[in-house]
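Data block below; observations after.
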Protein chains: 2
Amino acid sequence: MDRLIERIMEKGNPTAVGLDTRLEYVPDFLIQKHKEKEPLDFRGAAGAILEFNKRIIDAVSDLVPAVKIQLACYELYGVEGMRTFSETIRYAKQRGLIVIGDGKRNDIGTTAKAYSSAYLGRTTLLAEQDRAFETDIMTVNPYLGFDGVEPFLEDCRTYDKDIFILVKTSNLSSGDFQDLMTGNRRIYEAVADKVAEWGRDLIGRFGFSRAGAVVGATWPDQAAALRQRMPHTFFLVPGYGAQGGSADDIAGCFDERGLGAVINASRSILCAYRKGSAEQPAGENFAEAARDEVLRMKKEIGNALFQNGRKPW
Amino acid sequence: MDRLIERIMEKGNPTAVGLDTRLEYVPDFLIQKHKEKEPLDFRGAAGAILEFNKRIIDAVSDLVPAVKIQLACYELYGVEGMRTFSETIRYAKQRGLIVIGDGKRNDIGTTAKAYSSAYLGRTTLLAEQDRAFETDIMTVNPYLGFDGVEPFLEDCRTYDKDIFILVKTSNLSSGDFQDLMTGNRRIYEAVADKVAEWGRDLIGRFGFSRAGAVVGATWPDQAAALRQRMPHTFFLVPGYGAQGGSADDIAGCFDERGLGAVINASRSILCAYRKGSAEQPAGENFAEAARDEVLRMKKEIGNALFQNGRKPW
């Protein structure tokens, strides 16, 4: 989390680009180019997506601290999709970006350990150890309780990694279980309290723990209350842009220093080229459009933080 | 679920073999054989695990209705591990087994749709559609609520598939959140009620819905109460064997017909060869030992059901 915060301050930008890339986001001209080389089966599709991702990364790597890679979008293309996931991580890290793996993994202890080893720790192969996927931070679902989260926390400690645990998610139905009352708290508040407790001995030099929280941009009041409730917990905030969260909505996720959250936007950046004029229908400008959208979002969030009394770095 | 129940009745056995295979479960003689061919890096390890899985499947496919494949154990070996996951599915299906993918996937609607397409539905590739991973049933985590589960239910309907939604998990910390009281119910009971509601219009000819529930063998009283609470919900019951759940513990998961659950055991079957005499230290007998353990478990569960007045088929 310290490194993430350093990069946020260096770049003056608390946003992550969400690489939730699907084949239908890839502009026509890239599709055509790949179709000429090989059939667009899983392998061809995964190849086109990898090229798209690399060009997005090249276009934004000087502007953002991190990318968030949505695992579902790569599992969608099978084994070849997972290869593109792996190579996208490698490319983003080469470009100096922090990589958040968004897989919302969860299981009982011994199995959670396998997930954690795969994404944060090491895989033991007879005598040696190696990394399966080189993510820096992973998202984790807390429904199974502490022993399902502990293996991730252990690897955070051992390998200088971090996690974001789901607390209040951005979707409309998040209330189905997360908003149920238990005693005088809602379930997501009970989860928040546990996340703060689990992360208590993992607090870094900016005052934030290696155990972060996912808090949706679409719930501004709850987010602001959670910011008070868990002052040492860094937030990953999805739901900005295409899902409806605005800059004012996320201001409450930050403290007076302007720290406390990384805001993710995916579709609004990846598909920014579709919003422009119809002059380039094949999407040749997709990377520039993504860059422009990242700049616009940076400015919008900076303004909102300034207006809300959260000092922009 | 109908097909799963048919197979359970055909084979007189409500158990699934959990292929939570890790390199350290693979017996020495197989490791040595693979080491002679290629280095035991991710590819070599994934190759050894695939051979192990195939031989286990060959040894048990006439005895059990299904295998449950734990995704974490394959992600642990990176892209090559995912290839072994995919090929293990294919092999198990060729041998007539139903394949439960245990990934506990979860996300907001649009992303949950990608997971569902990857494991139950179809991936759209320009004009065509293809399957990323050919699982029959997938496990799903409910923390995000209905809109995170609905895409899976849709694919269940469209593609004749099924899911098991986490209700009460087998691990010790499952109570951290699942056992919290909300009104006069515990959270896992609130989840159970929603699972029953979501699955209401997906009930098959044996009276069980396509939306099943994961209920741990380690919580016999809760499981028996859930059996009453959700009479149309089929259970996937992990935690038998190595995790401590006994045959008597799981009797309450079944109704008077002896239907209602598939019981999973993993380590106790995969590593059965280690419990035997020290005569075959290299584990050449691992497949026979797994078969013997499956037979022992079948008998043990059959007896327990009979003694508890649940007619064994």
Exercise for the section: From (1) within 12 Å of chain A (Cβ to nearest Cβ); (2) surrounded by fewer than 22 Cβ atoms within 10 Å (Cβ to Cβ), pick out the condition that doesn't hold for B:L30. Expected result: (1)
Problem - Only listed residue being part of a helix (DSSP H, G or I), hydrophobic (A, V, I, L, M, F, W, C) and either more than 7 Å from chain B (Cβ to nearest Cβ) or free of Cβ contacts under 8 Å to residues at least 24 places away in the same chain (or both), chosen from A:L50, A:L63, A:L40 - result: A:L50
Practice task
Mind listing just one residue for me: the one in region A:139-159 that is aromatic (F, W, Y) and at the interface with another protein chain (Cβ under 8 Å from one of its Cβ atoms) and, of those, nearest to B:R185 (Cα to Cα)?
Solution key: A:Y143
Exercise for the section: Please tell me if A:I56 is β-branched (V, I, T) and within 26 Å of A:C156 (Cβ to Cβ). Expected result: no
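Report yes if A:T111 is touching a strand residue (DSSP E or B) at 6+ places or on another chain (Cβ under 7 Å), on the phi < 0 side of the Ramachandran plot and within 11 Å of chain B (Cβ to nearest Cβ), otherwise no.
For A:T111, the condition - touching a strand residue (DSSP E or B) at 6+ places or on another chain (Cβ under 7 Å), on the phi < 0 side of the Ramachandran plot and within 11 Å of chain B (Cβ to nearest Cβ) - is met.
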Practice task
Collect the residues in region A:1-33 that are without any contact (Cβ under 8 Å) to a residue 60 or more places away in the chain and more than 16 Å from A:Y77 (Cα to Cα), keeping them in residue-number order.
Solution key: A:E6, A:E10, A:K11, A:K33
Practice task
May I ask you to list the residues in region A:1-41 that are in contact with a strand residue (DSSP E or B) (Cβ under 7 Å, 6 or more places away or on another chain), of a type outside the set (K, R) and at pLDDT 95 or above?
Solution key: A:M1, A:L4, A:I8, A:P14, A:T15, A:A16, A:V17, A:G18, A:L19, A:D20, A:L23, A:D41
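Could you say which residue among B:A278, B:A261, B:A213, B:A289 is out of contact with any helix residue (DSSP H, G or I) (no Cβ under 6 Å at 6 or more places or on another chain) and either of a type in the set (F, W, Y) or at pLDDT 95 or above (or both)?
On the way: B:A278 fails: either of a type in the set (F, W, Y) or at pLDDT 95 or above (or both); B:A213 fails: out of contact with any helix residue (DSSP H, G or I) (no Cβ under 6 Å at 6 or more places or on another chain); B:A289 fails: out of contact with any helix residue (DSSP H, G or I) (no Cβ under 6 Å at 6 or more places or on another chain).
Exactly one of B:A278, B:A261, B:A213, B:A289 is out of contact with any helix residue (DSSP H, G or I) (no Cβ under 6 Å at 6 or more places or on another chain) and either of a type in the set (F, W, Y) or at pLDDT 95 or above (or both), namely B:A261.
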Handout entry: Hey, B:R200 at pLDDT 95 or above and more than 9 Å from chain A (Cβ to nearest Cβ) or not
Key = yes
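Taking the condition within 14 Å of chain A (Cβ to nearest Cβ), under 30 Å from B:M297 (Cβ atoms) and over 19 Å from the mean Cα position of the chain (by Cα), does B:Q222 pass? I'd like the intermediate steps shown before the answer.
On the way: within 14 Å of chain A (Cβ to nearest Cβ): no; under 30 Å from B:M297 (Cβ atoms): yes; over 19 Å from the mean Cα position of the chain (by Cα): yes.
So B:Q222 does not fit the description; no.
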Practice task
Could you list, in sequence order, all residues of region A:10-27 that are in contact with a Pro (Cβ under 9 Å, 6 or more places away or on another chain) and surrounded by fewer than 16 Cβ atoms within 10 Å (Cβ to Cβ)?
Solution key: A:E10, A:G12
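Out of region B:160-189, which residues are under 30 Å from B:R3 (Cβ atoms) and more than 8 Å from every other protein chain (Cβ to nearest Cβ)?
B:D160, B:K161, B:D162, B:I163, B:F164, B:I165, B:V167, B:K168, B:Y188, B:E189
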Exercise for the section: Could you pull out every one of the strands (runs of 3 or more DSSP E) wholly within region B:105-165 that has 3 or more residues that are buried (at least 22 other Cβ atoms within 10 Å of the Cβ) and modelled with pLDDT of 95 or more? Expected result: B:137-140
Exercise for the section: Exactly one condition in (1) assigned to a helix (DSSP H, G or I); (2) touching a Lys or Arg at 6+ places or on another chain (Cβ under 9 Å); (3) within 14 Å of another protein chain (Cβ to nearest Cβ); (4) not polar (S, T, N, Q) is not met by A:Y91; state its number. Expected result: (3)
Problem - Condition met for B:G81 (at the interface with chain A (Cβ under 10 Å from one of its Cβ atoms), at pLDDT 95 or above and crowded, with 24+ Cβ neighbours inside 10 Å) - result: yes
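The values are calculated or read from the model by the stated rules, or taken from the named source; none is laboratory data. It should be emphasised that the depicted structure is a prediction, and the values quoted were computed from it without experimental measurement. In this analysis, Cβ positions are derived from the backbone assuming ideal geometry, glycine residues included, and neighbour counts consider all displayed protein chains.
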